[in-house]
Amino acid sequence: MAAPTVVVLHGDQTGEELLLEARRLLEADVIGFAVACRDFDLSLAKRRETRNEIVHEAAAALRESGFGIKAATITPEGAGDVGSPNAILRKEIDGRVIVRTGRRIPGVRPLRASTRRSR
């Protein structure tokens, strides 16, 4: 049986740091089986560069996989800019969003700050 694929939606600044911590939970020694990851850069810079095409590509991957994890991203305030990737994703996948912010997960110890920087 092929490993399930989790679509990993990268973000900006602190959101990206939190995603990297959360992604540790997808490691085989933590969950007990291997998963494949398919990464997408949803940073504000990449969304602007692609005029949100990257968000649409990520949505297609989410529909195909059925599993995803997303970092927080910057939503610009100006009219005519790229807007919220969350709105696009929710609409395109007709999905639900489960938010788990800053919660410790039993049995998973946080990395020390010096370890995070070396990764």
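Evaluated over the Cα positions of region 1-81, the convex hull gives a direction-averaged projected area, one quarter of its surface, of 5.8 nm². Distance between the modelled labels on Thr14 and Asp94, one decimal in nanometres: 3.6 nm (7 Å Cα→Cβ projection). Multiplying the residue separation of Ile31 and Ala60 by 0.36 nm and removing their Cα-Cα distance gives an extension gain of 7.9 nm.
No lab work stands behind these numbers, since they all come straight from the coordinates. Everything numeric here is computed off the predicted structure, so don't read it as measured data. Positions of Cβ are generated from backbone atoms using ideal geometry, with glycine treated the same way; all protein chains shown enter the neighbour counts.
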